[in-house]
Amino acid sequence: MSYSYLCTDLQTYFNLQTKQCVSCDMKWIKPGYEFVPNCGYADDGGRRDSRTQKCADNYWNDGKSGKCQMCSACPTGVGLRTVRQCNATVDTCCGLGENCDPPRMSLTVDNQMEIRLVIIVLLACVMVGALTYFIYKRKNKSCQGLIADGNGKVASLSQRDGQESKAVLIPQVSAAPLRMVLDDLDVLEELIIILDPEGHGVKCTRHLASYCNFPSTWINYTYSMRDSKSPLKTLLEGVTTKYPEWTVGDLARLLGEMGRTDAIVVLAKLRPSVHTV
């Protein structure tokens, strides 16, 4: 029911002096009461009803609002009990003992569900963030960690038929700059043939680039241009720029982690005379 045609907000009334809808004056409110529609005023300024009315059953108002609120119910399953029942002036009081602690702990079932949902979302975000960080650190370590270990021997990490395959580079080749691979066209061509193709169960140039922390967009673009330029050659050129201190031995160790012993065998064909300083 409304007493005003001009003011759709039931807690406002039409003021004849200002010619606009104004809020009902809170000084008219006392605990246990709420405003009647349009504070009981019609658009002509006449009073059609008292300004306030008592809160209905199961509703309360402490005098700080113009409208009575529905009484809350103490949540179940969290150890809280009803310490004080709701009445016209105070809401339900919930607590663990005889006293409200804090004074008002009323939570609806919807409140509980919202809190639990927020906690679940936060935990999921933390787990995703931790997993992303772990993957990033693992890739970064697998690539950059090779630089610190520089010796003449390279052992493959793959095993076939229960026997460990090994490939050894001579010290001069292992310590040579990675550019040596690009300069030896025969060795480079063999590596391109065995590493560029993508096959199930066999790691290729795409994986090598990922291990070296190149973004997937860069890798996909490189493979999209494979008709004009080998992805492996593009990758090696990128690595020599990104990691100028890399040697042939560093590449061999990374190929070993990928299980590509066949590629290490091809690297073993390099000879120091091929590299020009």
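Pairs under 8 Å by beta carbon, first residue basic (K, R) in the range 195-215, partner outside any loop (DSSP other than H, G, I, E, B), six or more apart or different chains?
If the second residue must be outside any loop (DSSP other than H, G, I, E, B), the pairs left are R206/I219; R206/Y223; R206/P231.
Quick one: would you say T217 is modelled with pLDDT of 90 or more, under 19 Å from D184 (Cβ atoms) and assigned to a helix (DSSP H, G or I)?
Details: modelled with pLDDT of 90 or more: yes; under 19 Å from D184 (Cβ atoms): no; assigned to a helix (DSSP H, G or I): yes.
Considered against the rule, which asks whether it is modelled with pLDDT of 90 or more, under 19 Å from D184 (Cβ atoms) and assigned to a helix (DSSP H, G or I), T217 comes out as no.
Within the range 84-94, is even one residue modelled with pLDDT under 85, surrounded by fewer than 16 Cβ atoms within 10 Å (Cβ to Cβ) and either hydrophobic (A, V, I, L, M, F, W, C) or outside any loop (DSSP other than H, G, I, E, B) (or both)?
no
Kindly list, by first and then second residue, each pair from a residue in the range 1-16 that is under 15 Å from T52 (Cβ atoms) to a residue that is assigned to a loop (DSSP other than H, G, I, E, B) and among the acidic types (D, E), limited to pairs with Cβ atoms under 9 Å and residues at least 6 apart or on different chains.
From the range 1-16, the pairs are Y3/D43; Y3/D49; Y13/D43.
Take the range 193-219 and flag every residue that is under 30 Å from P272 (Cα atoms), β-branched (V, I, T) and crowded, with 19+ Cβ neighbours inside 10 Å.
Matches in the range 193-219: T205 only.
Which of the residues spanning the range 28-41 are surrounded by 14 or more Cβ atoms within 10 Å (Cβ to Cβ), in contact with a strand residue (DSSP E or B) (Cβ under 8 Å, 6 or more places away or on another chain) and not acidic (D, E)?
W28, I29, G32, Y33, F35, V36, N38, C39, G40, Y41 - these are the residues of the range 28-41 that are surrounded by 14 or more Cβ atoms within 10 Å (Cβ to Cβ), in contact with a strand residue (DSSP E or B) (Cβ under 8 Å, 6 or more places away or on another chain) and not acidic (D, E).
A quick yes/no check of all residues on (1) within 12 Å of L208 (Cα to Cα); (2) of a type in the set (D, E); (3) touching a residue at least 60 places away in the same chain (Cβ under 8 Å); (4) not in a helix (DSSP H, G or I):
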site	(1), (2), (3), (4)
E237	no, yes, no, no
T240	no, no, yes, no
G249	no, no, yes, no
L254	yes, no, yes, no
I264	no, no, yes, no
L270	no, no, yes, yes
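Just for the range 36-69: of the residues that are outside any loop (DSSP other than H, G, I, E, B) and polar (S, T, N, Q), which one is farthest from D91 (Cα to Cα)? Even if it seems obvious, please write down each step before you answer.
Taking the range 36-69 first, the residues outside any loop (DSSP other than H, G, I, E, B) are 37-41, 47, 52-54, 59-60, 69.
If we keep only those that are polar (S, T, N, Q) as well, we get 38, 52-53, 69.
Details: N38: 25, T52: 20, Q53: 18, Q69: 8 Å.
Checking each candidate, the answer is N38.
Can you name every residue in the range 220-268 that is surrounded by 14 or more Cβ atoms within 10 Å (Cβ to Cβ) and among the charged types (D, E, K, R)?
Looking only at the range 220-268, we keep the residues that are surrounded by 14 or more Cβ atoms within 10 Å (Cβ to Cβ), and these are 222-223, 226, 230-240, 243, 246-268.
Correct list: R226, K233, E237, D250, R253, E257, R260, D262.
Mind checking which pairs have a first residue in the range 59-79 that is without any contact (Cβ under 8 Å) to a residue 24 or more places away in the chain and polar (S, T, N, Q) and a second that is surrounded by 13 or more Cβ atoms within 10 Å (Cβ to Cβ) and assigned to a loop (DSSP other than H, G, I, E, B), Cβ under 8 Å, 6 or more apart or different chains?
Correct list of pairs: Q69/N61; Q69/D91.
The values are calculated or read from the model by the stated rules, or taken from the named source; none is laboratory data. Predicted model, so just to flag it, every value in this text is computed and none were measured. Ideal geometry is used to build each Cβ from the backbone, glycine not excepted, and the neighbour counts take in all protein chains shown.
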